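The values are calculated or read from the model by the stated rules, or taken from the named source; none is laboratory data. For clarity, every value in this text was computed on a predicted model and none was experimentally measured. Because the Cβ atoms are built from the backbone with ideal geometry, glycine has one as well, and the counts that use them run over all protein chains shown. Note: areas computed on protein heavy atoms with side chains; ligands, DNA, RNA excluded. Shrake-Rupley method; radii C 1.70, N 1.55, O 1.52, S 1.80 Å.
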Amino acid sequence: MNPRDLELTLAAARAAGPCPPGGEAAWSERVRAQAVHLYTLADSVGLELQRLDAAKQFTATLLTVRVEATSTRGLLVVRNTSGELEHLRTDRGDTDAGRAMIERARTLVGHRLRVYRLNEQMASNAKLQVRTVVHLTDFGPDTDPVHEHGAKENVLAAAEGDKESARRAWLEAGLPETGSVTVRRLAEALALLSSADTE
């Protein structure tokens with residue numbers, strides 16, 4: 001037996017707990033199943049760590065999260081430290097990792113984050129790349145005010161240049177005509193644009 005297999009078996013035996021008298025067969029099966037689970041878990045963790053090693057890191061504030069119906073991927077809009085919007089995608093929402101990332105991102109709207117992002121080839125077109133978020137580290141709510149000019153530029157960018165849609169979202173979110181706005185209020189305006197996209 002090689003050292004790795006022995007370590008896995010010992011870890012699985014510890015996880016299974018003591019073998020009850022007369023229950024050797026059932027206990028052995030629990031240990032075997034646990035060892036296989038630990039092996040496959042280590043394999044998937046290793047792949048995730050490789051993705052993290054390859055990821056670009058940057059700080060940004062998460063403004064919106066929605067799910068794309070066709071791919072089930074989460075679509076995230078973040079505001080980077082230059083004040084510009086970036087669009088990121090999660091893994092597919094019909095996978096455990098993708099679903100977990102979407103749910104986590106929804107709890108982090110309005111927070112400043114350390115974003116780990118990969119540029120990955122699209123399955124449907126190998127010549128195109130998408131920005132995929134592989135991890136988010138939470139630094140807490142972003143309490144810095146957003147200058148009026150930058151906020152309006154962000155809403156207009158999120159509206160893809162449609163000035164009327166941007167103006168309507170700004171007013172519906174109750175944002176002031178002049179003066180800085182909070183990140184949370186800016187996120188509300190962008191969420192109104194996102195909900196209009198899915199109607």
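Quick notes
- Sole exception among (1) open to solvent by less than 50 Å² (accessible area, probe 1.4 Å); (2) free of Cβ contacts under 8 Å to residues at least 40 places away in the same chain; (3) closer than 30 Å to Leu88 by Cα for Ala16, by number: (3)
- Filter result (farther than 25 Å from Leu49 by Cα, polar (S, T, N, Q) and open to solvent by 70 Å² or more (accessible area, probe 1.4 Å)) within the stretch 126-164: Thr143
- Considering residues of the stretch 62-77 that are open to solvent by less than 60 Å² (accessible area, probe 1.4 Å), under 12 Å from the mean Cα position of the chain (by Cα) and of a type outside the set (Ser, Thr, Tyr) only, the residue farthest from Ala191 (Cα to Cα): Arg73
- Looking across the stretch 62-85, the residues that are of a type in the set (S, T, N, Q) and in contact with a Ser or Thr (Cβ under 9 Å, 6 or more places away or on another chain) come down to Thr64, Thr72, Asn80, Thr81.
- Residue in the stretch 78-88 that is β-branched (Val, Ile, Thr), at pLDDT 95 or above and open to solvent by less than 40 Å² (accessible area, probe 1.4 Å) present: yes
- Here Asp94 fulfils each of the conditions (1) loosely packed, with under 13 Cβ neighbours inside 10 Å; (2) touching a residue at least 12 places away in the same chain (Cβ under 8 Å); (3) more than 24 Å from Leu108 (Cβ to Cβ) apart from (3).
- For the stretch 167-184, the set of residues classified as within 30 Å of Gly98 (Cα to Cα) and surrounded by 17 or more Cβ atoms within 10 Å (Cβ to Cβ) consists of Ala169, Ala173, Thr182, Val183, listed by residue number.
- For first residues located in the stretch 105-125 and farther than 14 Å from His135 by Cα and crowded, with 18+ Cβ neighbours inside 10 Å, partners that are modelled with pLDDT under 95 and charged (D, E, K, R) and lie 6+ apart or on another chain with Cβ distances below 6 Å form the pairs Gly110/Arg184.
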